[in-house]
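Here the structure is laid out as structure tokens; the discussion comes afterwards.
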Amino acid sequence: MLNIKKKYYLRGVLMEENFNKHLGNKLKLRRLALGLTQTKVAKAINVTFQQIQKYEKGTNGVSSIRLLQLSNYLKVPISYFFEDFSEYLINIEKSKEGHMNVNYNFLIKVYSELTNEQKIKFKKATEVVVNNISKAV
């Protein structure tokens, strides 16, 4: 049992390191394409240039707020940083095939917390989406 957890844990760490390196490469490519220095990008998002170096090398992960700041400053959608990453592409394919994992328990919990007025608005919005899908097909 311990070996299974260790292998899973090691796989998880490896995955994160690979993604950090991928994101760092995308960051560096975009920065260079815009002719920006690490210092200029760092000042724009209020970190040190050393932190940008660590992002670009994949040494440090990028938090969600920093990713949002980087995408805004570099004028790219957040999805830019995920493009060409194998796990992201696999999930896109799964969603196209209709195999995307949906957490129905979460949806039920959120729905149950809506007020009656919000539930009515949600139902109307859902009907509009369903009608638009039906027309497209």
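Based on this model, can you work out whether residue 134 counts as at pLDDT 75 or above, over 30 Å from residue 29 (Cβ atoms) and loosely packed, with under 10 Cβ neighbours inside 10 Å?
no
Find the residue count for the stretch 26-75, including only residues that are among the hydroxyl-bearing types (Ser, Thr, Tyr), part of a helix (DSSP H, G or I) and surrounded by fewer than 15 Cβ atoms within 10 Å (Cβ to Cβ).
Counting residues in the stretch 26-75 that are among the hydroxyl-bearing types (Ser, Thr, Tyr), part of a helix (DSSP H, G or I) and surrounded by fewer than 15 Cβ atoms within 10 Å (Cβ to Cβ) gives 2.
Note down all Cβ pairs under 7 Å where the first residue falls in the stretch 55-84 and is in the same structural domain as residue 34 (by TED's automatic domain parsing), the second is assigned to a loop (DSSP other than H, G, I, E, B) and surrounded by fewer than 17 Cβ atoms within 10 Å (Cβ to Cβ), and they're at least six residues apart or on different chains.
That search, which allows pairs on different chains as well, returns 71/77; 74/34.
The values are calculated or read from the model by the stated rules, or taken from the named source; none is laboratory data. These figures come from a predicted structure and were not determined experimentally. With ideal geometry, Cβ positions are generated from the backbone for all residues, glycine too; neighbour counts draw on all protein chains shown.
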